[in-house]
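To start, the structure itself, in structure tokens.
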Amino acid sequence: VENATYTISGYFKGQLVVNTKNTIIKLQNAFLENTSGKPAIKTNAKTEISSSKDSVNYIITSGRTFSKIGTISANRGLVLGGSGTLYVKNKVAHAIEAEGVKIKGSGKFFFEGCKKGSALNCDSLEVEKEKTFTAYFLNSKNGIKADKHIQIESGNFHFYNNSTAIKVESKSQIVPDAVVLSGGTFQLFENENFINAPE
């Protein structure tokens, strides 16, 4: 059913798949885990994942994998929001692997990939004005890696122990305004590089 909202709480082991447009997954103290090296959440249509107020939620992938998948793997637009807390961890690849990503809300996000993957791997990342969330990008090869562009106008970003905090790596040699940071706050701890992008 399109334009539907589903509330998830408690423990679930396996893979949650979304195939319908404009689906909202509201997490209410949920723990989603996939131990087979595959995404815990896989979306094939525009989806929003939101953490409910005062809730703490975990989405984790572990096990063996032969592809650079994400714990959350989105083939269309992905929106991350809410006012609660969301931990997304991948022990073998990316925490999030998606096309266009938007982050909003007032909650806390913790994204942790691995040293061969990224905390957030996407085509593009967009954060609009007046968003007050705090996002942590942890222990990965790249904190944020985009294939096209990154535009951030608000939000609070913390990068811990990544080889590169923010990276744009486009197949095109000409990428105007590949990284636009017109707002937001940025804190870096033990990252080898801050920004790596086409000039």
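The residues of segment 81-128 have, on average, 33 Å² of accessible surface per residue, using a 1.4 Å probe with all protein chains present. Placing one equal scatterer on every Cα of segment 81-199 and applying the Debye formula, the log10 ratio I(q)/I(0) at q = 0.12, 0.16 Å⁻¹ is -0.36, -0.66.
Rounded to whole numbers, the Karplus 3J(HN,Hα) couplings from phi for segment 181-193 are 10, 9, x, x, 10, 9, 10, 10, 9, 6, 9, 6, 9 Hz, using 6.51 cos²θ - 1.76 cosθ + 1.60 with θ = phi - 60°, and x at Gly and Pro. What label, among (1) 24, 18, 16; (2) 36, 23, 15; (3) 35, 18, 15, belongs to semi-axes √(5λ) of the Cα gyration tensor in Å computed from the structure on display? Given (1) 24, 18, 16; (2) 36, 23, 15; (3) 35, 18, 15, the calculated one carries the label (1).
Dividing the mean sequence gap of close Cα pairs (under 8 Å, 6+ apart) by how many residues segment 59-163 holds gives a relative contact order of 22 percent. Checked against a 18 Å cut-off, the cross-linked pairs Lys13/Lys91; Lys108/Lys148; Lys68/Lys102 give Cα-Cα distances beyond that limit for Lys108/Lys148; Lys68/Lys102. Rounded to the nearest 10 square angstrom, His149 shows an accessible area of 80 square angstrom against a 1.4 Å probe.
With the Cα gyration tensor of segment 1-73 giving a ≥ b ≥ c as the square roots of its eigenvalues, does the rule (a/c under 1.5 for rounded; else a/b larger than b/c for prolate; else oblate) give rounded, prolate or oblate? Note, shape of segment 1-73 comes out oblate. Computed as a quarter of the hull surface, the mean projected area of the alpha carbon convex hull for segment 32-120 stands at 5.0 nm². Report, in whole Å, the centroid distance computed from the Cα atoms of segment 43-79 and segment 125-169. Cα centroid to Cα centroid, the span is 16 Å. Listed by chain and number, the aspartates and glutamates whose alpha-carbon sits under 18 Å from that of Lys141, ignoring those within fewer than 8 places in the same chain, are Glu97, Glu112, Asp123, Glu169, Glu190, Glu192.
Taking chymotrypsin sites (Phe, Trp or Tyr not before Pro) across segment 35-129, the ones in a DSSP loop with at most 14 further Cβ atoms lying within 10 angstrom of their Cβ are Phe66.
Amide H to amide H, with H built 1.01 Å from N, Phe186 comes under 5 Å of Phe157, counting only residues 5 or more places away or on other chains.
The values are calculated or read from the model by the stated rules, or taken from the named source; none is laboratory data. Keep in mind the model is a prediction, meaning the values are calculated, not measured. No Cβ is skipped: glycine too gets one built from the backbone with ideal geometry, and neighbour counts run over all protein chains shown. Just so you know, the surface numbers come from the protein's heavy atoms only, side chains and all, with ligands and any DNA or RNA stripped out. Shrake-Rupley method; radii C 1.70, N 1.55, O 1.52, S 1.80 Å.
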